[in-house]
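First up is the structure itself, then whatever we jot down about it.
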Amino acid sequence: MPDLLLELFSEEIPARMQRKAADDLKKLVTDALVERGLTYEGAKAFATPRRLALTIAGLPVRGRDVREERKGPRVGAPEAAVQGFLKAAGLTSLAEATIVSDPKKGDSYVAVIERPGQETVAAIAEIVPAVIRSFPWPKSMRWGKASAESGSLRWVRPLHSILCTFGAETEDPEVVPFEIDGIQSGNVTYGHRFHAPGPITVKRFDDYVPSLERAKVVLDADRRKEIILADAKNLAFAAGLELVEDEGLLEEVAGLVEWPVVLMGDFEERFLEIPGEAIRATIRANQKCFVLRDPNSGELANRFIPVSNLIASDGGLAITAGNGRVVRARLSDAAYFWQTDRGPLPDLDTLKDSAEKLGLDLAKPLDQRMAKLDRLGVVFHAKLGTQGERVQRIAALAKELAPIVGADPALAERAARLAKADLPTEMVGEFPELQGLMGRKYAELQGENASVAAAIEEHYKPLGPSDRVPADPVSVAVALADKLDTLVGFWAIDEKPTGSKDPYALRRAALGVIRLVVENGVRLDLSKFAKEYDLLSFFHDRLKVMLRDQGARHDLVDAVLGEGASGNDDLLLITRRVAALGRFLETEDGKSLLAGYKRAANILKAEEKKDGEGAFAGAADLQLIADAGLIEEKALAVALAQATPKAEAAIAAEDYEGAMAALAELRPAVDAFFDKVTVNDPDPALRANRLKLLNQLREATRAVADFSRIAG
């Protein structure tokens, strides 16, 4: 079957846009083909700095013929309905419709619409220009003379040529003919901007890729990444060093080059006095270069790895020298920031009030920066006050939470007061991604307790589902205080996430609270923070997402959080109950009890519709059971009387395995009851008493979870 090859060749596409653009191109074209009945065997998209490419294999030569019957109005219907039917069906008169008889509804018109399948080449010629004109670039531009005209083509950068061929492997493919804003489709591409800029005629994907390779273009971004990573590691190893891997930088650099050439440069050792993280941020941000470290000490080396887009005649000496000059200049700036941040501020006299208010020591540089942040009145949020006011709230909350998480209250309060102090530093001003980390460095230099210094960095964590969770109790206290203050504050001003919009990352903050509590085994009653602003349900929703991602059954989470379930303010206990319930339901006792519960609940539901909700509340009459003389009925009453208090006591003691074991004792009695006892006895008193017994069974399980929410 024929294959399609499409390439859109342009000026340099920003690296951050390339991968999504390739995915968008694939989706837009394949979706449009499928909508026309043109299915395919496989498709793959590619991106380089100067091109988007798409190959689609196994397309038919033409689409399937379509025969559709469209039902119209009844015979004798109003003229407006008839005309609407004719227009929708594409008919000129009722003579072109058929009449179908229905014994119940009478005669009605039916249009039989037959459309021959479209030639694939014609379909592609319509689809590709439409995709190009409506392509969802985050930013796009017009260019040339046509840019003055309304509706002219927009592209991320000037689009130069379009390659579009279609044909079977056994024959020469044809060029799919179309034109867009003066650019005519063809079978020509272009190689590397410097090494092979001339035109290259290609037929199909199989010769397109090797033709580009010969012209010094590696089409596949993942292969470019592999080349860069392997060559960088080899260069590092040859120098006795180790590459500091950086997936984000690797992805970006692979989008900057079509023919990656990995080099090595160096800078003066004196710059190694700067914290390694700052060196890395400087070199990464300004030169898109990788850094190296000593494999023995783990410290950074005075080397860096640039990736060139060409093979230089001098082996890359001029390129590395040019990169080195910029790196040295940027590191000189970083060294200045590092030195300045450790020195005293010139306006200390103006900071005394802030220092006194926040309990800061103006003899210490980091305390000075916190006082400055407060004095400047830097706003956190217009409705939630300044950063200084927020720090006061976090410090008070961290001190309150400290005993709960096993931290020293004084250390937690001190760490919270300094947690945002690095925000006005020169280094963080230049590299915002270093906030927290630089605070830790400066705290260590001024002799802060190790836990205080660690908490300054770690209070932002975890930043996502895969980020590390702090374990030091002081860090946990401050991290919880920071996130709870954020959540309560934004709930108080009714700035909650809506749909996919979450501008203040409140879902991430809630997940952070959950992970801090659960992974550190913290018993935290959220009711005092959550109930006032209806936050508890938000925590529950985030917990459900987390547990489901970890493989927990969604129905078990819902059952534990179900109506009437106890302990919903304690996230740690919720996770333990879900785990215990899951293990119980994997046993034969658990499966059988669940089946018995479902049967009892269904009977009660049906009978409560007749007698009214709550009609069977209260304990069953034991004398009536004895008089009935059924062993199985008496056995269930006895089992419930024994198991229910055991389960409740186990739940109160937070022994969830014990609670499940208590419920498991009900299984034989429940099975025997349903096997031998008629619930809806003709005697109204016996019927009501037995329904009360089933209600007792339902209530017994509710001590553990809402079994009605469990599937099965």
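The values are calculated or read from the model by the stated rules, or taken from the named source; none is laboratory data. No experiment lies behind these values; they were computed from the predicted model shown. Neighbour counts are summed over all protein chains in view; Cβ atoms, including those assigned to glycine, are modelled from backbone coordinates with ideal geometry. Areas reflect the complete protein model, heavy atoms only, side chains present, ligands, DNA and RNA absent. Shrake-Rupley method; radii C 1.70, N 1.55, O 1.52, S 1.80 Å.
Tell me, rounded to the nearest percent, the portion of alpha carbon pairs in the chain spaced more than 47 Å apart.
On the way: 124719 of 253116 pairs.
Within the chain, distances greater than 47 Å cover 49 percent of Cα pairs.
So, with a 1.4 angstrom probe, what is the percent of accessible area on the range 253-387 that is carbon and sulfur? All intermediate terms of the calculation are to be shown ahead of the outcome.
Working: 3170 of 6450 Å².
So the carbon and sulfur contribution to the accessible surface is 49 percent.
Need the list of aspartates and glutamates near Lys145 for cross-linking: C-alpha distance under 19 angstrom, and skip anything on the same chain fewer than eight residues off.
Filter leaves Glu11, Glu179, Asp181.
Could you please put Asp681, Asp367 in sequence from largest to smallest accessible area, using a 1.4 Å probe? Let's see the in-between values first.
On the way: Asp681 40, Asp367 0 Å².
I get Asp681, Asp367, largest accessible area first.
Short version: ³J(HN,Hα) in whole Hz for each residue of the range 617-622, in order, from phi by Karplus 6.51 cos²θ - 1.76 cosθ + 1.60 (θ = phi - 60°), x for Gly and Pro, what are they?
Here the 3J(HN,Hα) series is 6, x, 7, 5, 7, 5 Hz.
With +1 assigned to the C-beta of every Lys and Arg and -1 to the C-beta of every Asp and Glu, and no other charges, what is the dipole magnitude of the range 582-651 about the Cα centre in debye, to the nearest 20? The partial results should precede the final answer.
Values: 9 positive and 12 negative charges, 53 e Å.
The dipole of the range 582-651 has a size of about 260 debye.
Helix-only mean residue ellipticity at 222 nm, the chain, DSSP H runs n ≥ 4 weighted -39,500 (n - 2.57), per residue, nearest 500. What is it?
Working: 27 runs with 354 residues, N = 712.
Helix-only estimate at 222 nm: -16000 deg cm²/dmol.
How much of the accessible area of the range 538-646, probe 1.4 Å, is carbon plus sulfur, in whole percent? Provide the component values of the computation, followed by the final result.
Working: 2740 of 5370 Å².
Carbon-and-sulfur percentage of accessible area, whole number: 51.
What FRET efficiency comes out for Arg16 versus His554 if R0 is 45 angstrom and r is the Cβ-Cβ distance? Round to the nearest 0.05.
On the way: r = 35 Å, r/R0 = 0.78.
Plugging the Cβ-Cβ distance into 1/(1 + (r/R0)^6) gives 0.80.
What fraction of the DSSP beta bridges in the chain is antiparallel, stated in percent and rounded to the nearest 5?
On the way: 55 of 57 bridges.
Close to 95 percent.
Express in Å², to the nearest 10, the accessible area of Leu487 obtained by rolling a 1.4 Å probe over the protein heavy atoms while all chains stay in place.
Leu487 exposes around 0 Å² with every protein chain in place.
Using θ = phi - 60° and the Karplus form 6.51 cos²θ - 1.76 cosθ + 1.60, what ³J(HN,Hα) does each residue of the range 91-97 get, whole Hz, x for Gly and Pro?
Per-residue couplings from phi come out as 9, 8, 7, 5, 5, 8, 9 Hz.
So for the pair Val110, Ala329, with labels modelled 7 Å out along Cα→Cβ, what separation do we get in nm?
The modelled label-to-label distance comes out at 7.9 nm.
If you filter the range 486-595 for GluC sites (Glu not before Pro), then keep DSSP loop positions with at most 12 other Cβ within 10 Å, what is left? Mind showing how you got there, number by number?
On the way: sites: Glu495, Glu519, Glu532, Glu563, Glu586, Glu588; in loops: Glu495, Glu563, Glu586.
The qualifying sites are Glu563, Glu586.
Which value, in debye to the nearest 20, gives the size of the charge dipole of the range 569-618 about its Cα centre, when Lys and Arg are +1 and Asp and Glu are -1 at the Cβ? Mind dumping the intermediate values first?
Details: 9 positive and 9 negative charges, 37 e Å.
Here the size comes out at about 180 debye.
Once ligands and nucleic acids are excluded and a 1.4 Å probe is used, how much of Arg193 is accessible, expressed in Å² to the nearest 10?
The accessible area comes out at roughly 80 Å².
So which of Lys372/Lys528; Lys233/Lys461; Lys610/Lys646; Lys609/Lys692; Lys352/Lys372 end up more than 21 Å apart, counting from Cα to Cα? Intermediate values should be presented prior to the final figure.
Details: Lys372/Lys528 33 Å; Lys233/Lys461 30 Å; Lys610/Lys646 33 Å; Lys609/Lys692 15 Å; Lys352/Lys372 10 Å.
Too far apart for the 21 Å limit: Lys372/Lys528; Lys233/Lys461; Lys610/Lys646.
What number comes out for accessible area per residue over the range 1-148 if the probe is 1.4 Å? Units Å², please. Walk me through the numbers before you get to the answer.
On the way: 8060 Å² over 148 residues.
Per-residue value: 54 Å².
How large is the accessible surface of Ser308 in square angstrom, using a 1.4 angstrom probe and rounding to the nearest 10?
Rounded to the nearest 10, that gives 10 Å².
Helix hunt in the chain: which complete DSSP H runs extend at least 30 Å axially by C-alpha with mean Kyte-Doolittle at least 0.5?
On the way: long enough: 15-35 (31 Å, -0.48); 317-341 (35 Å, -0.02); 588-611 (34 Å, -1.03); 631-652 (32 Å, 0.59).
Those that clear 30 Å and a mean of 0.5 are 631-652.
For the pair Ile493/Leu445, report the inter-label distance in nm, with labels modelled 7 Å from Cα in the Cβ direction.
Label at Ile493, label at Leu445, 3.3 nm between them.
According to a simple spin-label model (label point 7 Å from Cα along Cα-to-Cβ), what is the distance in nm between Ala312 and Ser537?
It is 6.3 nm.
Restricting to DSSP loop positions (anything but H, G, I, E, B) with no more than 13 other Cβ atoms inside 10 Å of their own Cβ, which trypsin sites (Lys or Arg not before Pro) remain in the range 337-444? Working shown, then result.
Numbers: sites: Arg342, Lys352, Lys357, Arg369, Lys372, Arg375, Lys383, Arg390, Arg393, Lys399, Arg414, Arg417, Lys420, Arg440, Lys441; in loops: Arg342, Lys383, Lys420.
Sparse-neighbourhood loop trypsin sites (Lys or Arg not before Pro): Lys383.
Assuming 0.36 nm per residue, please report the length gained on full extension of the stretch Asp502 to Lys203 beyond their Cα-Cα distance. Don't skip to the end; give the middle numbers.
Values: separation 299, 0.36 × 299 = 107.64 nm, distance 4.76 nm.
Difference between extended and current length: 102.9 nm.
Can you compute the charge dipole magnitude of the range 312-395 about its Cα centre, using +1 on each Lys and Arg Cβ and -1 on each Asp and Glu Cβ, nothing else charged? Give it in debye, rounded to the nearest 20. Don't skip to the end; give the middle numbers.
Numbers: 13 positive and 11 negative charges, 44 e Å.
So the dipole magnitude of the range 312-395 works out to roughly 220 debye.
For the range 459-529, with every protein chain kept in place, what is the accessible area per residue (1.4 Å probe, Å²)?
Details: 2820 Å² over 71 residues.
With all protein chains present, the range 459-529 gives 40 Å² per residue.
Over the range 600-712, with the other protein chains present, what is the accessible area per residue in square angstrom, probe 1.4 angstrom? Before the final figure, lay out the partial values.
Values: 5510 Å² over 113 residues.
With the other protein chains kept in place, the range 600-712 gives 49 Å² per residue.
Summarise the accessible area of the range 140-226 (1.4 Å probe, protein heavy atoms) by the percent that is carbon and sulfur.
Details: 2140 of 4470 Å².
Summing carbon and sulfur atoms, their accessible area is 48 percent of the total for the range 140-226.
Leaving ligands and nucleic acids out of the surface, order Met17, Met264 by accessible area at 1.4 Å, largest first. Write out the running numbers ahead of the final one.
Details: Met17 15, Met264 50 Å².
Per-residue accessible area, sorted high to low, gives Met264, Met17.
What FRET efficiency comes out for Ala363 versus Ile180 if R0 is 60 angstrom and r is the Cβ-Cβ distance? Round to the nearest 0.05.
Values: r = 69 Å, r/R0 = 1.15.
Computed FRET efficiency for Ala363 and Ile180: 0.30.
For Arg64 and Glu648 in the same chain, what is the full-extension length gain: residue separation times 0.36 nm, less their Cα-Cα distance, in nm?
On the way: separation 584, 0.36 × 584 = 210.24 nm, distance 6.59 nm.
Length difference between fully extended and current span is 203.6 nm.
Given 0.36 nm per residue, what is the gain on full extension from Ala606 to Phe237 after removing their alpha carbon distance, in nm?
Gain on stretching Ala606 to Phe237: 125.3 nm.
Any aspartates and glutamates with Cα under 12 Å of the Lys634 Cα? List them, leaving off those in the same chain fewer than 8 positions away.
Those aspartates and glutamates meeting the cut-off are Asp621.
Where in the range 18-74 are there trypsin sites (Lys or Arg not before Pro) that are in a DSSP coil and have at most 16 other Cβ atoms within 10 angstrom of their Cβ?
Values: sites: Arg19, Lys20, Lys26, Lys27, Arg36, Lys44, Arg50, Arg51, Arg62, Arg64, Arg67, Arg70, Lys71, Arg74; in loops: Arg36, Arg50, Arg64.
Qualifying residues, ordered by number: Arg64.
Between Val100 and Lys591, what FRET efficiency follows from the Cβ-Cβ distance if R0 is 51 Å, with the result rounded to 0.05?
Numbers: r = 53 Å, r/R0 = 1.03.
In this case the efficiency is close to 0.45.
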